[in-house]
Amino acid sequence: MVPAQKMKGKSAASFSLFIFRVLCAVAATLYLFFGIGFRLLDPFGLDPLPMLDRVIIAAGYLLVLIGSYLIPFIKRNIGDFMIVMVLVSFAHLAFELAGREDDIGAIITWLMIIPLFNALLYHYRRLLAVNLAFLIILAISTLPGLHAHSIWLMVVAISITAASYFMALARRASTERYEVLFAQSPLGIALHQMILDSQGHPVDFRYLEVNQAFEQITGHTGSMVVGHVVSELFPESYQSNLDVFGKVALTGESVEFEVYSAELDKYLEIKAYRPKQMQFITIIKDITRRRKAEENLKHSMTHDWLTGLYSRRFFEEELSRLAKEGLYPISLIIADVNGLKLVNDTLGHQSGDVLLKKAAEVLLRAAREGDIVARWGGDEFAMLLPQATFEQVSRISDRIQKIIDSTEENALNLSISFGYSTAADAATDIAETIKRAEDHMYRRKGLQKRSSRKSLVQSLQTMLQDKSQEMVQRSNNVQMLTEAFGRQLGMQDKALHELTLLAAIHDIGNVAIAEAVMNKPGPLTNDEWKAMRRHPEIGYRIALASLDLVPVAEGILHHHEWWDGTGYPQGIKGMAIPLQARILAITDSFCAMITDRPHAKAQTFTQAKLEIHQGAGKHFDPDLVDVFLKMIEDDSLVAKLQL
């Protein structure tokens, strides 16, 4: 039916070339055969043509035949050469007859050839040129011996010529319309010949002709198809539609159907009808794009685009179906991804999408064959377990947690809270079953909330450290100096603990900054600076998401504010800046100065202390600067720094 592999065969052009070669050979043979035959019957003049002329014309036909094999130009234009040879041979015969004062024979000769040429020629200009040549040669060959009855013959000849010429034009115009429709149709068209066995049953069919659209749809040219039987071309798949096409060819009953071709990886719409007995035509339309669009639309209605899981709509339809069919017990698991909003707010929605996909993979691994896993909402999932008891769903929930715990840890750890419930029989309300599963999930989420947020913050810290090794060394120095500074200021244990915690996580907002920006060796662009200056606000949101970090959230937000109000993000100044942030501003700046960074080499202690001193009253709280510079004179403290 449809080509499945590359094939060899004779196209219509190669078949025409073969016919012309046969005609050349036949013409040469007949010219010599009739010459010999005439001479055997009457050695004294029955043949109107000299034998030498016959040999020359026969040689001309043979030269055209041989040239079509050796000379590409003759091969491409063998039809034109044939026309010339036929004109020459018939003109020669007409002149020979006229030379014998046999103008009737000349006219009859032309009456033989004119309709023949008009039947064969299709090209308009060639058709006109040949007919004019006929009339001119006819006139030249008959006018010298013109008499009354030959005039009537000439009138008849001219009438026949004109009639056959205009009939040929009409036939050509009609044929051309169908050829244009066939050749330029956007639909693939193929003509086939049905082959029957001795009992009259279809066993095969042969390609007779195909159009350009067929070649484009299948990817195979006519030369690969025409002349070959389908069993030769597609030995594995030709039987699939043989009976259908056989019925068309035998009964004339048209068919229309759609089929998927695995060989072409395409969907095809096929119409088949019978033009005459034992033949059928297939009209093929490539509907792959439409079918795939329909499949995508159908898939989008039943599946979640991000995770590939079933949609909530499909889940609810299946749940309703199971309940109606009485396939109890029916168990449900409702799961929620912890910390998704925090990840979206800090790392962006792409990172949040990664977390959702990981959750989907975990649930699919835990599900049994036949269970339905769906995206229930933004950060929620649901599992439908047909004919699963409460004990079975409990074991599956344990399996989910084990898979999460055994998953190879990376920077962004997955945490899921889930609850489950079972409808034992039809007496149990399905809506109530869903509510029980959700309530169970929310209770577990409340218990896990603090630990999951703490784990997520730790994951973010790990991600930040992985982005920049320089930041790990600098962070350790900042923590050590900040704790010492707090003790120097006489801070109590609770305040000192919070200050040390701030020193440890103050740059956590950098987790949302691109690594290429953080580690850029040269100066940052304006856009890159804008991105970097977002990190206090991002860190502030992260801290607010964890109860343990709420006390240092304000310190994170303001640790880049300046004493004179020229800092960021809010531009506050003086004592309006929290004490934690004013302390951290000094220790963080000092540690940055004495550490190698991508865009600046480390300064000496003397240079760093001088720069801190110069920043007093502008960048830093001047009273705190005095305390810090005295503290840093302690050699034992300096020795603890990681340089």
Point to revise | Relative intensity, log₁₀ I(q)/I(0), of the range 303-451 from a Debye sum that treats every alpha carbon as a point, q = 0.10, 0.16 Å⁻¹ | key: -0.33, -0.83
Exercise for review: Sort 341-353, 487-499 for me by packing, meaning the mean count of neighbouring Cβ atoms within 10 Å per residue, highest on top.
Suggested key: 341-353, 487-499
Practice item. For the range 468-639, report the convex hull volume of the alpha-carbon atoms normalised per residue, in Å³, without decimals. Key: 114 Å³
Practice item. Pairs to check: 530/630; 292/358; 618/640; 357/435; 285/357; 266/358. Give those whose C-alpha atoms are more than 32 Å from each other in this structure. Key: 530/630; 285/357; 266/358
**Study point:** Ranking of 31, 568 by count of other Cβ atoms within 10 Å, fewest first
**Key:** 568, 31
Revision key, fill the gap. Of 314-326, 473-485, ordering from highest average Cβ density within 10 Å down gives 473-485, 314-326
Exercise for review: Averaging sequence separations of C-alpha pairs under 8 Å and six or more residues apart, then dividing by the length of the range 515-643, give the relative contact order as a whole percent.
Suggested key: 19 percent
Point to revise | Cβ-based exposure ranking for 313, 582, in which fewest neighbours within 10 Å come first | key: 313, 582
Point to revise | Order of 330, 400 under a 10 Å beta carbon neighbour criterion, fewest first | key: 400, 330
Review point. Counting pairs of Cα atoms in the range 600-643, how many percent are more than 15 Å apart?
Key: 48 percent
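Readers should treat all values here as calculations from the given coordinates under stated rules, not as data from a laboratory. Note that the structure is a prediction, hence the values are computed from the model and not measured. Neighbour counts are summed over all protein chains in view; Cβ atoms, including those assigned to glycine, are modelled from backbone coordinates with ideal geometry.
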